[in-house]
Each structure stands twice: as C-alpha cells, then as structure tokens.
Amino acid sequence: MSGGGIENAAFESRSPSLRRQRSWSPAGSRASSRARGPSDPHFEEGPCGWGSCTPEALQLCNNPEGYLAVYSLLATFQGIVVNGLVNISISTIEKRYELNSSLTGLISASYDISFCMLSLFVSFFGERGHKPRWLAFSAFMLGLGCLVFCLPHFSAGKYHYGAKPEDTCQAPETMSANITCNAGTKSSHHKYMYVFILGQLLLGVGGTPLYTVGTAFIDDSVPKHKSSLYIGIAYAMSLLGPAIGYIAGGQLLNVYIDIQIPERQDTTNTKVDQDDPRWLGAWWIGFLACFFAIWLLIIPFSMFPKHLPGTAKIQAEKVSETHDDGSEALVQLKNIGKNFKDFPISLLILLRNPVLMCLIIASSSEALVTTGFATFLPKFIENQFGKTSSFSATLGGLVLVPAAVLGQVISGILVSKCKMDLKSIIKFMISTCSVALLLNTVFLFAKCRNEPFAGVSETYNGTGTLRNLTAPCNANCGCLRSVYYPVCGRDQVQYFSPCFAGCKSYLVDSNMTKIYHNCSCIGQPKRENGSEDFLFEAIPGKCPTQCGFLPVFLTIFFLAVVFTFMAVTPTTVAILRCVPHKQRSFALGVQLVFLRLLGTIPGPILFGVSIDSSCTLWDIDECETKGACWVYDNERVVYLLMGMSAACKIITIIFVVLAVYFYKPPPLNKAVLPKDTKMVSAAHA
C-alpha cells in the first residue's frame, strides 16, 4: 500500500488491475498531494467491479449517488432490525421467555456494548483502509446477528400458552392439583437471554463500521457544502428502517407465534386470540427475512474502489474549519494515524479538543433519552392508553420514525442551502434543542389515570384490601395468580381473572367468546335509565380506557421528535469539521463510544428500571418468582419520563453552548507554530 496507509490484508486490494488504477485521475491526485501533504501523495481511485471484471454498466454506480444508495439500503436494514424489530419484540420476548423489563433492557443495551468496544479500533484503522470493504464486513456481521437473534424461537419448541382447565371459581380442593411449583421451567427459559445477547453483540459488530467509516466515506466524496445534505439523506434513510420495522413487525405480531394456532389447549372449545393476554405474535419472522436481505448487500459493497473518482479534486478544494488548538498541524507534521502505535496520540489529540468533547457529551445526553423512548414507547402507549401490543407498536412507528426522518432531512437541507460554517451550525443546534425542551411538556397530556382494577387500585366493593387480589368474595375459589386473564365487569371494573371476579359459570357465544355469569365479586352497574338489563356480568379483556388524550399527545410528541432530530445531522457535520481531516472517522468512533457509555447503554436500562419501579401488579407464579409486570401506575410513569427527558435536554443545551464558547476558527494559510512543536513533544512524552 502507499505510504501512510494501513497494512491490513483483510481490507486491502491485491488486484493488479486496481493497483494500476492508483493514478486513475492524475490531475486530481496531484491536487490532493498538495492539500494533504507528502505522506498521502495519491488516491486509489478506480473503476467499479471485482478485480479485472469491471463492466461498463457498473460504472454508472461509481459515484457518490451510487454509494449513497447502497449505503442507505444497509442503514435501512440495520434500522429495521436494531431500532425496529428488536424494540417491538421486547414485550413478546418478555412474556415468551419470562423476563422482566430490566433484563430485556440489558438485551437491548448489548448492541451498544459491542459497538462501544470496537468502534475506536474500527474507526482508527478504517480511516486509511478500504472503507467500502469495511461495509461489506458490516453487512456480513449484521446478517449473522439477525440469524442468531431468532434462533431461540426454533430451539425453544412450540409455545404452550397454558392450559386452563377452569378459569372460573372452583372449590379449593379442585384447584389444589394445579398449584405446583416448577422452577425448572423458569431457568430453561432464562437461558435464552444469553442467545439474544449474543445476537445483539454480533449486530453491534456489524453496525460499528456503518456510522464511522461509512459516514466518513460520504464526507470524503462530496464537496463540503453538500456533505450535510448527503449525510442527512443517509441518516434519514436509516430512520426509515425503524418505521418499516415498527409497522411490519407490528403486523407480524398479529400472526400467531407458531403460525398455526393450536386447535385446543384447554377443555373448552375456545382458541386464544389477540385480545387474550396469553397471545404472542410471530416476532422472529422479520429477523429471518432481514438475514437474507442484508447478506445480499455484501455483493455491491465489495465492488466499490477505495476512493470514488474525483475524490482528490474535492479534497483539494475544501477549506479547513478545524478547532485552532494546533492539532491539524500536529497530525500533518507527524503523519499521525499511519499505524497502531499512533493510536494513543490520536486519541489524546481528540480528547483534548474541547469543542469535540462538548458536542460528544451533548449528543450522549440526547441519545440516553431517545434510545429509552425507542425501546419502551410501544409499552408506554399500550399501558397508558389501553391499546394492544401490535397497535401500539404500529402507532409508535407511524409517529416516531417519520418525525425523526423529517427532522434529519430538514436540518440537512438548511445547513446545506445556507452554507453554514461550523459556528453557525452549533448555534442552529442550540435553537432546535431549546424548542424540543419546551415541547417536552407533552407528557402532561399523557397523564391518564389507571382504570379501576379490583385488588390493585380499589377494593372489592368495599371488602378486601388494596394490593391484594384475594377478598372474601373469592377466598374460597382457589384462584391462581400465575394465570392472568383479565375480564371487564359490568360495573366497569377490571378483574385479574374470572376466578378472582368470583364467576362460577359462563356461556360461549357465536364468536367462540366466553361470557361469564354468577360473579360474586362484581357489583351492580351504574344504570342511567334504571331499566337496562345486562346480558353478562363479565367479558374477556381489559375495560376500555376513558382517556381521550392520545391524539393530543401524538401531535405534540411528533413535533418534539422533529426538533430533537434536527440536531443529529448538524452534530455529525460539526464533529467532522472541528477535528483534523485524517481523524474524522476516529472522531466519529470516539463520539460513538461516549454515546454508548453515557447514552444508549444506560438509556434502556434506566428506563426499564424506572418503568419497573412504577409496577403495581407483577406476574408471580406458584414459586413466588417475579416475571413481567402486568399493571403500571400511569401517573408515576408520566412524571418519571418527563423528568428524565427534561434533565437530558437541559444538559444537551448547556454543552452545546459551551461548544460555541470554546470554538476558535483557524486563520487562513496557518503555518506550523512553535506551540505545535511543544504539543508534539507533550503528546510523545
């Protein structure tokens, strides 16, 4: 490889034909030599293809637009899996494998753990390596991660949603035979948590080159004033992935987990349906489909040259906006980054850049709250507004992701059209973050009271105690708390199950739905005319919510997400501009490490713990083992989420303001000053 390059056999071309193309654009190479110094005299600009096979048709893709199209496809599929399918599958995985929100939060954070561990090394070596081949490796690992993540479905066997010999009130001696403790079932399900973690780790390995090396390659290949537009489009396309993941995955949850619903698993003629809390959707289909689709993208990435034609000329015309701390001169003088021994010095240079560090901390604070909401937004809508899991997932995707895409595109266009310099970009971020903070009050419109729940939020017609499902009216029914099958009484109160409602008989209507009668715990309904007769005492399912704030919440939340994501593309562009040219990929890698350590890793975990702290009714089996949460305190959840969101946005604004304060633009034609020599000595010391 040419001087200053990384000798990496896995990502370097061995093709003689490509090596002959090093001077494919001689004029551009000479211009680049003057701009980038003697250590990098020419670019490997070549044709599109594989070795000596370079068909003319492929040359139509040998440009920034062609690369952007393939990159966007990979980013879209990565978003479908990581930020779409994984998030909407959380509730189903919790129930199928008997995990609580804290453990599923750990599964969600595992992606960021591997991302964090590898991004520094990938971004450091990838800066001077063959970037498109790094993305081919990215596609391979992302596909493998999808395959591993869906393996538990095939190894765990058929889903048995639990036989219910009788869900009505029975004599205690009749039910005693069913009260058994099978601790082995729990442990056998818990072991699949490690398979999910492994799948997420592989997905993290695949995602690392995508947003470090892949983004830097876009910035390499286009003029500076177009960089924000191209990056904005690429990031917006990556956000279409979660939209597709939420919508398609939400529809897949309407399909039974094993495709075909068993004819009968209890002694009645009823089948489990989507309104039954035991229903689980086919969460795994999306992962299997993405496995095949992502591996197909390995082919186009492997055909791109190391640099697109015209890259050298574009680089020669760019004017540096690097923060004036001597780092640009230091990197050029010592040609830092040519091998691994420069890793500590390169990292030290970036860590000493106050503008970069302020932008990194600000983006990390935003990442904490955005990843938390991305993970648990469907659950929030489901519990706050009484919607089904599939509808909540679909609704969340239709509102959250288009708003994020719109914010990315708008900011990319504004920065590009206005040709903002670095300081103007940072000031633009301050304004968008401030508006997002004001819109944070959206959660006040989501404060819906919990619907009456006997034994949880109110007593059984004045008997029994709160937080105790057993009362005198059902004490002799031998009810099992491990069987959660909510019913809505004619008194508009929800009951844990027909048994806890004291129902002793039922009928099956023409739709094969049970209608319960003779329920000792259900009170008289509130009759408006005094002459209505109810044909039932209880029906399956939760009572319909009386909260009508969902449209208002979604409208304001949409605007809040738009302004939140309007700062994402400018942040990336600002980071690329405030550091030395040869450290751009590495700077993005450092950002993503802090982003994970301070934002996306603790985000889902903190949100999961906070949501669990608001639980008022846990799934507890006969072994007294705690599983998933059935009912949350809605008001407490709202105040916790609003407080966490507001705190993160205030931190973001503070550090973006500090970035403007610290930034010093470089003077034109800046020479290497004596202080740069001192910096070199200090770094080596």
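Worth pointing out:
- Every residue from the range 366-386 that is part of a helix (DSSP H, G or I) and closer than 12 Å to residue 545 by Cβ: 381, 382, 383, 384, 385
- The requirement of being modelled with pLDDT under 75 and of a type in the set (Lys, Arg) is satisfied by residue 30.
- Matching residues, the range 432-478, being in contact (Cβ under 8 Å) with a residue 60 or more places away in the chain, part of a loop (DSSP other than H, G, I, E, B) and aliphatic (A, V, I, L, M): 456
- Check on residue 313, open to solvent by 30 Å² or more (accessible area, probe 1.4 Å), assigned to a helix (DSSP H, G or I) and not assigned by the TED database to the domain that holds residue 567: yes
- Of all residues making up the range 244-264, the number that are open to solvent by less than 10 Å² (accessible area, probe 1.4 Å) and in a helix (DSSP H, G or I): 4
- Matching option when the condition is assigned by the TED database to the domain that holds residue 383, within 19 Å of the chain's Cα centre (by Cα) and more than 17 Å from residue 372 (Cβ to Cβ), among 579, 593, 631: 593
- Residue within the range 59-66 that is modelled with pLDDT under 85, buried (at least 24 other Cβ atoms within 10 Å of the Cβ) and not basic (Lys, Arg) present: no
- The residues of the range 80-130 that are hydrophobic (A, V, I, L, M, F, W, C) and either farther than 30 Å from residue 220 by Cα or outside the structural domain of residue 306 (by the TED database) (or both), listed by number, are 85, 86, 88, 90, 93, 99, 103, 106, 107, 109.
- Pairs with Cβ under 8 Å, 6+ apart, first in the range 387-402 and not assigned by the TED database to the domain that holds residue 80 and part of a helix (DSSP H, G or I), second surrounded by fewer than 19 Cβ atoms within 10 Å (Cβ to Cβ) and among the polar types (S, T, N, Q): 390/251; 390/254; 390/274; 394/251
Conditions (1) open to solvent by less than 30 Å² (accessible area, probe 1.4 Å); (2) more than 33 Å from the chain's Cα centre (by Cα), marked per residue:
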{"residue": "430", "(1), (2)": "no, no"}
{"residue": "440", "(1), (2)": "yes, no"}
{"residue": "450", "(1), (2)": "no, no"}
{"residue": "460", "(1), (2)": "yes, yes"}
{"residue": "463", "(1), (2)": "no, yes"}
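- Residue in the range 355-370 that is over 15 Å from the mean Cα position of the chain (by Cα) and modelled with pLDDT under 85 present: no
- Of all residues in the range 188-217, exactly one satisfies the criterion of being open to solvent by 10 Å² or more (accessible area, probe 1.4 Å) and under 21 Å from residue 304 (Cα atoms), namely 211.
- For the range 399-414, the tally of residues that are within 18 Å of residue 86 (Cβ to Cβ) and open to solvent by 10 Å² or more (accessible area, probe 1.4 Å) stands at 1.
- Subset of the range 493-516 (residues that are loosely packed, with under 15 Cβ neighbours inside 10 Å and either free of Cβ contacts under 8 Å to residues at least 24 places away in the same chain or within 26 Å of residue 383 (Cα to Cα) (or both)): 507, 509, 510, 511
- Among residues of the range 369-424 being in contact with a Lys or Arg (Cβ under 8 Å, 6 or more places away or on another chain) and of a type in the set (A, V, I, L, M, F, W, C), the one that is nearest to residue 642 (Cα to Cα) is 369.
- Selection of the range 320-366 for residues being among the charged types (D, E, K, R) and closer than 22 Å to residue 220 by Cβ yields 321, 328, 334, 338, 342.
- Within the range 366-382, restricting attention to residues that are buried (at least 24 other Cβ atoms within 10 Å of the Cβ) and polar (S, T, N, Q), the residue that is nearest to residue 246 (Cα to Cα) is 375.
- Meets criteria (of a type in the set (Phe, Trp, Tyr) and under 24 Å from the mean Cα position of the chain (by Cα)) for residue 549: no
- Residues (open to solvent by less than 40 Å² (accessible area, probe 1.4 Å) and touching a His at 6+ places or on another chain (Cβ under 9 Å)) located in the range 327-353: 331, 345, 353
- Tally, over the range 517-529, of residues that are surrounded by 22 or more Cβ atoms within 10 Å (Cβ to Cβ) and at pLDDT below 85: 1
The values are calculated or read from the model by the stated rules, or taken from the named source; none is laboratory data. These numbers were taken from a predicted model, which means no experiment stands behind them. Glycine also receives a Cβ, built like all others from the backbone with ideal geometry; neighbour counts cover every protein chain displayed. For accessibility, only protein heavy atoms count, side chains too; no ligands or nucleic acids. Shrake-Rupley method; radii C 1.70, N 1.55, O 1.52, S 1.80 Å.
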